[in-house]
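All of the numbers you see were taken from the coordinates with simple rules; none came from a lab. This structure is a prediction, so every number in the text was calculated from the model and none was measured. Heads up, the Cβs are rebuilt from the backbone with ideal geometry, glycines too, and the neighbour counts pull from every protein chain shown.
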Amino acid sequence: MKRLATFAALMAIVTATATACGGAAATDAGAEVDVYTTIDGTKQINASAPINPFNPVGSVFTGYNGMALAWARNHPTDPNRFYPALARSWTQSPDGAQVDIHLQPEARWSDGKPVTSEDVRVSIGLAYTQGGTAYALDPKAAGAAADVRVLDAKTIRVTQGANRSAAFLANLLSTVVVPAHVYGALLPRGFWDTLKVAQHDRGPAGERAKAVITGLADKVIAFSPEQDVSAGPFVLERVNPGAALLRRNPYFYNSRAIGPDKVKVLNYTGNEQIWNYLISGQLDNAPFTSVPAAVMERIRGARGSQVITGYSPVATSLAFNQSHKPYDNVHVRRALAYLIDREQVTRIAAPEGGTPAATTSGIHAKAARAWLGDGFAELEPYRLDPAKAAAELRAAGMKLRDGRWTMPDGSPWKVEIHVPASFSDWVSAAKSISSGLGDHGIDATVLTAADYSLYLSELAKGEYDLGFWLIGLGPSPYNIFQRLFGQANGWQMFGGRLTHVPPGTGGNWMGGPRTVEVAGEGLVDPGELTSRLNYVSPGEQRRIVGVLARIANEQLPAVQLWDYVNTQFVNTSRYTGFPPDDSEMLRLSSGVWMQLGMIRKRQP
Amino acid sequence: MTVTALPGAAGRSRRATLRRNFWRGVWRVLRRKPSRMAGVAICALFAVMGVAGPLLYPAHLPRDDDALYAPPSLSHPFGTDFEGTDVLALVVTGSRYVLLTGLATAVITVALGTAVGLFAGFRRGWQDTLLMRLTDLNLAIPGLPLLLVLSTVWKFESPLEMGLVLGLLGWGGIARAVRSQTLSLRERGFIEAARGLGLPTTHIIGRELLPSMAPYIAMNMLIAVTGAVYAQVGLFFLGVLPFEANNWGVMLNLAVFSGGALTTPAALPYLLAPLLAILLLTLGIVLVVDAMDEIFNPRLREE
């Protein structure tokens, strides 16, 4: 009897272990179910967080139980390419001002109620409380939605304000949709009238109305529905600190396309946990994770493990505070660019997740080639060249004494490179750069900030000389160049008007000049050019991108170090049908892949 | 334990004899167990490493671009780090910061703790109450969370800054213990006698009470060094303190989070080298403390 009890207990443990390991086959009330195991790369699981997509740590997982109108494709140059989601299709007027959204006719919430235009309208109303590009309360803000009109139960029309933006469609289609019958009560009676006043009245009444709407933000974020009501392919079943379990939503409009019965989203506190999950074959998919070369070898060795790579419109750069000496001198910036061995830095810092930047253009190389064509090859590549660096330093008036470079007045020069301590790849890269500079007579040191938010706040205050900075955040050309010629460099959009604030104020830590001389173009205001990318024609966009890339290359507000590679991990032991290399789906979650008819259970 | 002033040359000679006898006794105690000699050798090795280690290597440690995370070899006994730098060189050059911090912490902890404990215990009354409430406050401060917060505003670029903070956080325990000892000793006959002779308070505290507690204080000082090493290496490991490639905590951090040392063996030597250094330093200190215990405690002497 005792032995039988022990055996039963052992069997229970084995079963529990199998479930915990996220195997394809698990039992659920006696029936065998397929569980797809993954992680959410955008957030860690917080079991006490509400099931609310407006809450940054809410238990809503994009593509699974969190739905948008459409899913952005990973295209190098066109930000307006989308896969349909709750919006089956959309039409935009020729001038781009008006968008009609046609919802999926079969779309239903997990409680059986249909997804209607009213749900989208309420979602837009809630988005206004949170702010954002398409939902700015100032009607003069570029690309802000000015009017939302329900045409019928499945069609809604959104019109942007007078200050139009090419990014309007993309921002609109990215809207998260929530059920009006759950979230609608969060919008007070008369909300839409208040919104109108906030958008159009420039007096005290307008300010009061804005305060009312933004005052709703915390209430919306804190809202905690009793249960998940999802229009996605899955609905949250339960969540604990270790994992969230989602079950299939039978009312999903394309339910037949969904392979797994359940999805388990595992929690993680650091990359090392994801590495171990991958090595043990627990995950069917993990999004981009920074991985050392030796760990990558072990992951590749796991049964069924595959690595998919694709385009990721992000690059890492070393940016200068040009209001600090000697970095106000372009020759010093160029000298440093000639002394950074980007191949070696990338090999040390991001051997599996990055490719050395071909040059500094402000754009990921793949997008840069598409935007610039032959012009890309004409940019100065800044290959490692100590002789050129020395010439540039002499041109800046720097002095070489006893083998070390000093400031023009002979005082010591120490390059201080700042990085957030939690970004191990940046820390390694900064150390490699400082070692390289040391080899060529420049004293350099690495300084770390305790965490990323502290790093960003100190950076914005202008406390750093040099800091690591993400650039090239495409595909929208405006988004790409606003990283170099946007708020961080002094250009700010207020009420539809572009202004330039002095270094050290309003988040202007890059401190670059307002205008620069560009051969063939004369005196150019790069921030103004960047803002024009929002509304000019595609042909003009291409011309402006060319000019801005040249400015980035010649003026070097930042030295582009490496372009990220979107390295995804999949395991084909249990499921097949994953996107191939370079797929436009690679930046989307597995839930979206399933919605689009991919991911099938492996047949024995 | 009475102190009688010995006049002139005779007094000096007697003190010299006492000193000679003391060091002979120390040598005898050390020789009694080989482990104690090993402890002294380890501590001496680290002291030499801290003083002369950085002088053995160039200011910019050489790197081998083609040997990232190289395995241990004759030229690199603990392999290389993420940029091909010899790990042993990093441990040796990094020892100065770690040891200086430990030393500064220990000195501050012991000096402050002893001063507060002696004064409070000897004076009693409202001074005792006030100082002990301060001590309670110090003991109640959660050290690590406070250091994490402090690190956001203070970069701790010098080991003395780090040592100062760790010392200011750690004196409470010693103050409490020294006060207890003082309360006990002050009732003894030799202190009564000193008082009766009208000797000044500074003499009673400095020449009568303090020598009686010297062994305890000395041992606490050594133990404080290990505590400080753990604390600062931990903070560097958490990544909240400034980056120095040769800092042992930074090495542990990079080995785990950048090299995947807990996942693959490639970066394991990079992880083990600073761990081994910390382990060895702790071992050395513990063995020396064992010897000190016997030197200062007559009951333990095995004549």
- Task: Tell me the label-point distance for the pair A:Arg602, A:Glu207, using the 7 Å Cα-to-Cβ offset, in nm and rounded to one decimal.
- Result: 6.4
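Rg/Rh for the stretch B:98-149: what does it come to with C-alpha atoms and Rh from Kirkwood?
1.08
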- List the residues of the stretch A:424-449 whose backbone N lies under 15 Å from a point placed 7 Å from the Cα of A:Arg401 along the Cα-to-Cβ direction. A:442-443
- Largest-first principal axis extents, alpha carbons of the stretch A:464-561, Å: 38, 34, 28
- Item | Space enclosed by the convex hull of the alpha-carbon atoms of the stretch A:300-340, per residue, Å³ | 127
- Item | Viscosity 1.567 mPa s, 4 °C: Kirkwood-radius Stokes-Einstein D of chain B over Cα pairs, µm²/s | 59
- Query: FRET efficiency for B:Ala41 and A:Glu554, Cβ-Cβ distance as r, R0 = 56 Å, nearest 0.05?
  - Reply: 0.35
- Item | Degrees, to the nearest 10: A:330-339 long Cα axis against longest axis of chain A | 70
- Task: For helix B:125-140, report the angle its Cα long axis makes with the longest principal axis of the Cα atoms of chain B; keep it between 0 and 90° and round to the nearest 10°.
- Result: 20
- Query: Could the peptides B:25-38, A:305-318 be put in order, highest first, of the mean number of other beta-carbon atoms found within 10 Å of their residues?
  - Reply: A:305-318, B:25-38
- If the cut-off is a Cα-Cα distance under 16 Å, which lysines reach A:Lys414, setting aside same-chain residues fewer than 8 apart in sequence? A:Lys325, A:Lys399, A:Lys431
- Descending principal axes extents, the stretch A:312-564, alpha-carbon based, whole Å: 55, 39, 38
- On the formula 1/(1 + (r/R0)^6), with r taken between the Cβ atoms of A:Ile221 and A:Ser89 and R0 of 25 Å, the FRET efficiency rounded to 0.05 is 0.20
- Item | Cα-based shape type of chain A, given that a ≥ b ≥ c are square roots of the gyration tensor eigenvalues and the cut on a/c is 1.5 | oblate
- Message: Can you tell me the length gained on complete extension of the stretch B:His60 to B:Leu160, counting 0.36 nm per residue apart and subtracting the Cα distance?
- Response: 33.7 nm
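Tell me, in nm to one decimal, what length is gained between B:Leu275 and B:Leu74 on full extension, where the rule is 0.36 nm per residue of separation less the Cα-Cα distance? Walk me through the numbers before you get to the answer.
Numbers: separation 201, 0.36 × 201 = 72.36 nm, distance 2.02 nm.
Once the chain is fully extended between B:Leu275 and B:Leu74, it gains 70.3 nm.
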- Task: Please grab the % of Cα pairs in the stretch A:70-222 that end up more than 18 Å from each other.
- Result: 57
- Message: Taking beta carbons within 10 Å but only from partner chains, what does the mean come to for residues A:291-297?
- Response: 6
- Counting only DSSP loop positions in the stretch B:59-159, the chymotrypsin sites (Phe, Trp or Tyr not before Pro) whose Cβ has at most 14 other Cβ atoms within 10 Å are B:Trp154
- Order by protection proxy (mean Cβ within 10 Å, highest first), peptides B:59-67, A:587-595, A:269-277: A:587-595, A:269-277, B:59-67
- Message: Once you place label points 7 Å from the Cα toward the Cβ at A:Thr505 and B:Trp23, how far apart are they in nm?
- Response: 7.0
- Applying the Karplus parametrisation 6.51 cos²θ - 1.76 cosθ + 1.60 with θ = phi - 60° to the phi angles of the stretch B:46-51, what ³J(HN,Hα) value in whole Hz is obtained for each residue in order, glycine and proline being reported as x? 5, 4, 5, 4, x, 7
- Pulled fully out, how much extra length does the chain show between A:Asp409 and A:Thr214, if you take 0.36 nm times their separation in residues and subtract their Cα-Cα distance? 65.0 nm
- Among A:Pro408, B:Ile191, B:Gly143, whose Cα sits farthest toward the positive end of the charge dipole of the protein assembly as shown (+1 at Cβ of Lys/Arg, -1 at Cβ of Asp/Glu, about the Cα centre)? B:Ile191
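Let me know the volume per residue of the alpha-carbon convex hull for the stretch A:146-222, in Å³.
121
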- What FRET efficiency do you get for B:Val153 and A:Asp78 if R0 is 35 Å and r is their Cβ-Cβ distance, rounded to the nearest 0.05? 0.15
- Query: About its Cα centre, what dipole magnitude does the protein assembly as shown give when the only charges are +1 on Lys and Arg Cβ and -1 on Asp and Glu Cβ, stated in debye to the nearest 20?
  - Reply: 2620
- Query: Counting only other chains, what is the mean number of Cβ atoms within 10 angstrom of the Cβ of each residue in peptide A:343-351?
  - Reply: 3
- Task: Could I have the simple spin-label model distance between A:Arg149 and B:Thr202, label points 7 Å from Cα toward Cβ, reported in nm to one decimal?
- Result: 9.3
- Message: If each DSSP helix of 4+ residues adds -39,500 (n - 2.57) and the sum is divided by the residues in the protein assembly as shown, what number results at 222 nm, nearest 500 deg cm²/dmol?
- Response: -13500 deg cm²/dmol
